[in-house]
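In what follows, a structure is listed as structure tokens, so that the remarks can point back to it.
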Amino acid sequence: MQADRAVTEAVCATDLELAAQEREQYASDGYFVRPQAFSAADVAQIGDAVEAAAERALRLSDSGRSYILDGKRFVDVGHVTVQFEPPPDDPAIKVIEPVCELHPLLEALLDDARIATPMRGLLETDRIAMWTNKLNLKRPGVGSGFGWHQDSPYWIHDCGHVDRLPNAMLVLDDADADNGCFRVIRGSHTRGCLPGTADGSQLGGFYTEASTFDLADEVALKVPAGSLVFFHPHIVHGSLPNRSQRPRRALVLTYQPADQATLKSKTVRNIR
Ligand SMILES: O=C(O)CCC(=O)C(=O)O
């Protein structure tokens, strides 16, 4: 994949449009998967770009503003937040948000038709914009999990249309139970923002109160590298730590209707 030509010739735009069955699954279950939407060659190239972006974020974080929440270290470098794995002196990065501006190939990925075309379908408009994007690195052995949460409560104070912020996770490594694959609670997106936990911790309110959803509805998304998982801003989701010796990296790109500012930089990034 080239930074200036994000769509491979083999991919036909009409093949990328949202299928009726995908629309129905998004409405009823809150997610759907496009297995291996990106080729192995593209995933390798994007993998190199995310590693370069992570190195850049690490260098930049030397001059950022560091703070600790619930024993986790965060560094703000301008509007980019770098979150490190616990304990606070661990040098491994967990999350970078936003990440795409740190590498031209990732910036071009925002406009890639394999992601943007189904997003236009989910948002029911051709004119769409970026809301936020992040890189979850989940390194072998050290990558911690993500507790059950919805994304919408994080965003509700910055956005008047949290129902219209669909996510696409681009899975960069084969994902399974051992390396902490992404998990969703099927159907949990239908009741809006659910109550957070009241455990007295600094971030507890962002995790979803366990009594409000049913673990019997949990789906572990064991998917090969290159797959796209589209998921609703209200779906309860999370993942376990990476206990394997294999990476489990993923990019999560979140879109919205056009002409609205992004979450972090507050600038508009319409999709081409
Ligand atoms: O990468 C994962 O396993 C979970 C990601 C997640 O929950 C998030 O980015 O909000």
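Some points to look at:
- Among the residues making up region 171-191, those that are assigned to a loop (DSSP other than H, G, I, E, B) and either at pLDDT below 95 or of a type in the set (A, V, I, L, M) (or both) are L172, A175, A177.
- Of all residues in region 161-218, those satisfying the criterion of being among the charged types (D, E, K, R) and free of Cβ contacts under 8 Å to residues at least 40 places away in the same chain are D199, E209, D214, D217, E218.
- Evaluation of Y255 against (1) open to solvent by less than 60 Å² (accessible area, probe 1.4 Å); (2) more than 14 Å from the ligand (Cβ to nearest atom); (3) at pLDDT 95 or above; (4) touching an Asp or Glu at 6+ places or on another chain (Cβ under 8 Å) (one fails), failing number: (4)
So that you can scan it fast, the table gives a plain yes or no per residue for (1) farther than 23 Å from L16 by Cβ; (2) within 16 Å of the ligand (Cβ to nearest atom):
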site: N133; (1), (2): no, yes
site: R139; (1), (2): yes, yes
site: W148; (1), (2): yes, yes
site: A168; (1), (2): no, yes
site: D176; (1), (2): yes, yes
site: N179; (1), (2): yes, yes
site: L194; (1), (2): yes, yes
site: L203; (1), (2): yes, yes
site: E209; (1), (2): yes, no
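- Scanning region 149-191 for residues that are closer than 19 Å to R249 by Cα and either among the acidic types (D, E) or surrounded by fewer than 17 Cβ atoms within 10 Å (Cβ to Cβ) (or both) gives D151, D173, D174, D176, A177, D178.
- Of all residue pairs spaced 6 or more apart or on separate chains, those with beta-carbon atoms under 9 Å, a first member in region 21-37 that is free of Cβ contacts under 8 Å to residues at least 12 places away in the same chain and in a helix (DSSP H, G or I) and a second member that is open to solvent by less than 30 Å² (accessible area, probe 1.4 Å) and of a type in the set (S, T, Y) are Q25/Y31.
- Contact map, region 255-272: residues that are closer than 13 Å to C159 by Cβ and among the polar types (S, T, N, Q) paired with residues that are modelled with pLDDT under 95 and part of a loop (DSSP other than H, G, I, E, B), Cβ distance under 8 Å, separation 6+ or inter-chain. No pairs are found.
- Condition met for H103 (open to solvent by 10 Å² or more (accessible area, probe 1.4 Å), under 19 Å from Y26 (Cβ atoms) and at pLDDT 95 or above): no
- Some residue of region 216-234 being of a type in the set (D, E) and in contact with a Pro (Cβ under 6 Å, 6 or more places away or on another chain): no
- Residue check, S244 surrounded by 14 or more Cβ atoms within 10 Å (Cβ to Cβ), polar (S, T, N, Q) and within 14 Å of the ligand (Cβ to nearest atom): yes
- Residue in region 261-269 that is part of a strand (DSSP E or B) and open to solvent by 10 Å² or more (accessible area, probe 1.4 Å) present: yes
- Per this entry, L109 is not counted among residues that are surrounded by fewer than 22 Cβ atoms within 10 Å (Cβ to Cβ), of a type outside the set (F, W, Y) and more than 11 Å from the ligand (Cβ to nearest atom).
- Residues that are within 13 Å of the ligand (Cβ to nearest atom), open to solvent by 10 Å² or more (accessible area, probe 1.4 Å) and not in a strand (DSSP E or B), drawn from region 211-233: L221, K222, V223, H232
The values are calculated or read from the model by the stated rules, or taken from the named source; none is laboratory data. The structure displayed is predicted, hence computed values, not measured ones. Don't worry about glycine lacking a Cβ; one is built from the backbone with ideal geometry, like all the others, and counts go over all protein chains shown. Just the protein is used for accessible areas: all its heavy atoms, side chains included, with ligands, DNA and RNA removed. Shrake-Rupley method; radii C 1.70, N 1.55, O 1.52, S 1.80 Å.
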